[in-house]
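Written below as structure tokens is the structure these notes are about.
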Amino acid sequence: MAVAPDPFDALDWQPARLSERVATARARASARRHGAVADLRLDDDARLTDQLRFEVRSRIEALVTTIATDLLVQAERLGGQDEARRTPLADVIRRLRQAGVLYDPDLVGELIAQVRQQMLADALPIETMAGDAPSLLVRLTEAPDRIVAGAARAVLAAEGRSRTVEPDGAAIGLPIALRRSLVWSVAASLRQAEDRDFDQALGQAAERVLAALGETDRPGAAMLRLAAAIDARPAELPDLLLESLSDRQLGLFIALLSHASGIDHDDVRELVIEPEGERLWLVLRALDLGRAPIARIGLALSDADRRRDVERFADAIDAIMAIPVAAAQGAIASLRLPQDFRDAIARLEGASR
């Protein structure tokens, strides 16, 4: 983590730097005022918990640390700079924070969604559906279908990499566009003034790091391949969804639902982790799930997320089940459109209003 400068450092009290110190203090006080006002404007529903804020910050710093290390290793291989002249990590993070890179809405939104998904998965009630048999994921690694078995083993390997004891930026998946943007931003933060040779080495280093990326780095990619390999029939889907929740495999639940509904993985993740659940119930009805599976899914998610109102869900289950499947399919039809198309529609509708 970035370490704040010692306010009592004797060098900062030299007469030549007093004006700079006053200006810095003034900017800091202004930032605190603006931050306090922004915080007061937030509804409780939008405010992050301390745990969520800590986890997101840890992931951001782990990503920056890993990317910076990879870039410097590659730059040094290219002869751009020796280790003694490395930019301190604290300075890298400070530069990125001052430039607003670490507050990019898409980056922060992705990491919040990842953390919420993990917290929700960890809190799901364990409800063994298969008796003494191994978990669903383990059983899938032994499936007679070699494509399914291979995809399941890839998921287990990905899970092993992501559950490291210390935060590891290499194990944190990001959409390719976000990863590319962050790599170039970190490269820019590592620059040394007027060092053209190092600039050249950093540029080549960033290209080498980016060339090593693949679609496998996308969050949920391994789970999506497994869901596609399973290709659950309508009669198989309810039990697979329920068993994935009972095994705390929320990622598999999301991937199965994404594959079955034709809705993008990130959109399904969003509607699964949102506390109200309206869109999730509509998607489940559009897939013609029965009352018992929907009720069990709703209760499991309510047990795991204290933001959810289980009594409200219980009161609404009859109304949810009364929705015709065709009506539910029509209501969620827009979710199946490409994201860029939906963004364009939203812009036009906003302009017309």
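The values are calculated or read from the model by the stated rules, or taken from the named source; none is laboratory data. Everything numeric here is computed off the predicted structure, so don't read it as measured data. Backbone-built Cβ (ideal geometry, glycine too); neighbour counts: all protein chains shown. Keep in mind that these areas ignore ligands, DNA and RNA; they rest on the heavy atoms of the full protein, side chains included. Shrake-Rupley method; radii C 1.70, N 1.55, O 1.52, S 1.80 Å.
Assorted remarks:
- With every protein chain in place, the chain: carbon and sulfur % of accessible area (1.4 Å): 53 percent
- Where trypsin sites (Lys or Arg not before Pro) fall in DSSP loop in segment 221-280, at most 16 other Cβ within 10 Å: none
- Listed residues Leu71, Val272, His259: farthest to the positive end of the dipole of the chain (Cβ charges): Leu71
- Count Lys and Arg as plus one, Asp and Glu as minus one, and take only other residues whose Cβ is under 14 Å from that of Leu140; the net charge is then -4.
- Between the residues Ala211, Gly290, Leu102, the greatest Cα displacement towards the positive end of the dipole of the chain, with unit charges on the Cβ of Lys, Arg, Asp and Glu, is found for Leu102.
- Heavy-atom surface of segment 245-353, accessible at 1.4 Å and reported per residue (Å²): 50 Å²
- Among Ala327, Ala113, Ala260: highest mean-square fluctuation, GNM of the chain, C-alpha pairs under 10 Å: Ala327
- Mean shadow area of the chain, taken as a quarter of the surface of its Cα convex hull (nm²): 23.6 nm²
- Translational diffusion of segment 173-253 was estimated from the Stokes-Einstein equation, with Rh taken as the Kirkwood radius over Cα pairs; at 25 °C and 0.890 mPa s the coefficient is 156 µm²/s.
- Calculated [θ] (222 nm, deg cm²/dmol) that DSSP helices of n ≥ 4 give over the chain, each run adding -39,500 (n - 2.57): -21000 deg cm²/dmol
- In order through segment 122-127: 3J(HN,Hα) via Karplus (6.51 cos²θ - 1.76 cosθ + 1.60), integer Hz, x for Gly, Pro: 5, 9, 4, x, 7, 10
- Environment charge of Gln339, counting only residues whose C-beta is closer than 10 Å and scoring Lys/Arg +1, Asp/Glu -1: -4
- Basic side chains Lys and Arg get +1 at the Cβ, acidic Asp and Glu get -1 at the Cβ, and with that the dipole of the chain about its Cα centre reaches some 740 debye.
- Under conditions of 4 °C and 1.567 mPa s, segment 204-353 yields 77 µm² s⁻¹ as its translational diffusion coefficient, taking Rh as the Kirkwood radius over Cα pairs in the Stokes-Einstein equation.
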